[in-house]
1. Please work out which residue is surrounded by the most Cβ atoms within 10 Å (Cβ to Cβ), limiting yourself to region 467-522 and to residues that are over 29 Å from Gln377 (Cβ atoms) and of a type in the set (Asp, Glu).
2. Between a first residue in region 36-53 that is under 12 Å from Val67 (Cα atoms) and a second residue that is of a type in the set (Phe, Trp, Tyr) and assigned to a helix (DSSP H, G or I), which pairs have beta carbons less than 6 Å apart while being 6 or more apart in sequence or on different chains?
3. Scan region 460-487 and report the pairs whose first residue is under 13 Å from Gly506 (Cβ atoms) and whose second residue is among the polar types (S, T, N, Q), with Cβ atoms within less than 9 Å and a gap of 6+ or a chain change.
4. For region 453-512, give me every one of the strands (runs of 3 or more DSSP E) that falls completely inside it and has 3 or more residues that are more than 27 Å from the chain's Cα centre (by Cα) and outside the structural domain of Asn192 (by TED's automatic domain parsing).
5. Quick one: which of Ala379, Ala398, Ala375, Ala367 is surrounded by fewer than 21 Cβ atoms within 10 Å (Cβ to Cβ), aliphatic (A, V, I, L, M) and at pLDDT 95 or above?
6. In this structure, is Val269 outside any helix (DSSP H, G or I) and in contact with a helix residue (DSSP H, G or I) (Cβ under 7 Å, 6 or more places away or on another chain)?
7. Of everything in region 352-379 that's among the polar types (S, T, N, Q) and in a helix (DSSP H, G or I), which residue is nearest to Ala231 (Cα to Cα)?
8. Within region 132-172, track down each residue that is of a type in the set (D, E, K, R) and closer than 21 Å to Leu273 by Cβ.
Amino acid sequence: MKSSRPAAPSTNHAPTLKLVRLAIDTYHENVVYLHRDCEVYRTEGFQALSKVRICGNGQRILAVLNVVDDDRIVLTDQLALSEQAFNNLELEEGELVTVEHAEPPASMNAVRRKIDGERLDQEDFRHIIEDITESRYSKMEIAAFLVASGRTELDRDEVLFLTRAMVASGERLDWSEDLVADKHCIGGIPGNRTSMLVVPIVAAHGMLIPKTSSRAITSPAGTADTMEVLAEVNLSMSKLHDIVRKERGCMAWGGTARLSPADDILISVERPLGIDSQGQMVASILSKKLAAGSTHLLVDIPVGPTAKIRRMSDAQRLRKLFEFVADRLGLHLEVIITDGRQPIGRGIGPKLEARDVMSVLENDPQAPADLRQKALQLAGRILEFDPDVRGGSGFAIARDILDSGRALAKMNALIKAQGAREPDWQLGKLVLEVPAPDTGTVTEIDNLQLARVARFAGAPMDQGAGVELCKKVGDPVSKGEPLYRVYAQFPADFKFARKLCEQDIGYQIGAAEAVSQPFVEF
């Protein structure tokens with residue numbers, strides 16, 4: 001990220017190199033490439049993975065150094081930047097730049113204290129998040145912070161401090177309205193694309209609901225990944241403003257809008273590590289919502305044997321943490337606890353989930369009933385934020401908006417405004433049917449295993465990959481009948497997914513009375 005601090009003073013005596021752009025995606029990390037025989041590399045005593053500062057024409061960035069031995073990549077008089085670094089430096093190819101050692105981030109001392117189990121204060125988190133946003137941390141250093149925060153778990157004040165620091169790391173929208181609604185699920189339930197139904201229902205009612213979403217971290221698809229099947233989600237700040245003002249809502253990826261940018265950097269490290277600690281999760285969710293200008297937020301916490309939250313006591317504890325942080329940041333927040341025993345809808349993966357959403361909006365009789373019902377319950381609760389809506393009547397209003405076609409019309413308007421994509425509904429060409437091993441009733445579905453199968457099949461990177469459910473909890477099934485189908489585009493992905501299914505199909509078949517009853521708030 002380009003620094004907001006004063007540019008480094010000109011060092012005319014420092015040797016200069018010609019700037020080169022390399023078409024390498026380093027995903028939220030600035031990376032610079034120097035030839036091993038480069039004079040600057042030799043005289044400065046650089047080492048691979050050193051942190052360096054690049055300066056030129058009043059601009060500067062920090063980056064991680066990679067050393068190259070191939071003249072076809074970079075010459076000895078050149079300095080090459082990854083796409084991320086080149087865009088952040090904002091200079092033209094061929095301009096002269098200098099490179100020098102970067103000072104280690106001072107806030108790493110706080111990270112080391114956290115590794116030792118110490119409690120950090122507001123200033124510690126402010127400096128850590130500032131340094132992460134300014135690209136002073138390598139991904140290894142970010143991983144150290146995340147692991148330390150997850151291992152010792154942040155207390156509620158630390159979560160508050162982290163949330164404040166993350167909100168301050170980027171821009172903050174102000175819609176100049178008293179009621180700006182949003183909804184968020186903590187995740188862990190495949191196929192749970194209720195946001196794509198809630199937003200058009202609430203926007204059609206006239207309430208402001210600018211929905212900004214992250215991409216999938218450990219799941220086969222996030223709201224942004226699924227919406228991207230239908231429309232553009234990488235919206236500039238000005239375009240996002242225009243769409244929300246006109247349509248009363250949007251469904252965009254939060255990363256391009258610089259809303260809590262530190263969160264996107266942290267997620268880029270959390271994803272490959274599979275880290276999703278509760279403290280980090282609360283800070284991530286609330287910082288994004290506050291930065292997006294939300295005043296009223298509904299949080300969905302699914303509970304089930306293979307959900308993120310598996311016990312009611314843990315759900316209640318997480319509810320209290322959300323409420324504590326939100327209250328001190330001036331955000332009106334309500335938390336609901338829902339059934340997390342199994343996936344929602346029939347599809348797991350971007351195209352499959354988008355197909356489910358559109359079938360509900362189109363009032364297709366074959367649309368998944370659980371997705372429709374849950375979306376209506378959530379939308380109804382949000383509509384009751386409106387002081388003109390009598391308590392308890394939100395569900396009926398939401399159902400009327402959906403049944404009348406107003407929600408579909410609003411969704412089509414949002415798709416057009418964001419930039420419609422002609423959806424290609426073709427799924428992966430490689431298909432695996434997973435049969436029931438016995439006759440009986442589906443008593444349990446493993447959310448984690450089904451999500452893993454969909455990810456191994458290629459989701460969300462391959463939009464047509466994923467899992468299509470044929471049976472849900474409580475359904476009768478005969479031996480050999482398909483439980484679900486796996487779709488993959490590439491043989492390697494198909495092989496991995498098939499092997500995973502052979503190890504564990506993710507379904508339990510038993511007697512009907514063995515089906516567990518959920519504890520939910522609706």
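1. Out of the qualifying residues, it is Asp493.
2. Filtered contacts from region 36-53: no entries.
3. Short answer, once both residue conditions are applied: Leu469/Gln342; Lys472/Gln342; Val473/Gln342; Val473/Thr441; Val473/Thr443; Val473/Ser516.
4. Strands (runs of 3 or more DSSP E) meeting the threshold: 507-510.
5. Values: Ala379 fails: surrounded by fewer than 21 Cβ atoms within 10 Å (Cβ to Cβ); Ala398 fails: surrounded by fewer than 21 Cβ atoms within 10 Å (Cβ to Cβ); Ala375 fails: surrounded by fewer than 21 Cβ atoms within 10 Å (Cβ to Cβ).
Matching residue, one of Ala379, Ala398, Ala375, Ala367: Ala367.
6. When the stated conditions are applied, Val269 does not pass them.
7. Looking at residues that are among the polar types (S, T, N, Q) and in a helix (DSSP H, G or I), I get Ser359.
8. Selection gives Arg136, Lys139, Glu141, Arg151, Glu153, Glu158.
The values are calculated or read from the model by the stated rules, or taken from the named source; none is laboratory data. Treat the numbers as computed from the prediction; the structure is a model and nothing was measured. No Cβ is skipped: glycine too gets one built from the backbone with ideal geometry, and neighbour counts run over all protein chains shown.
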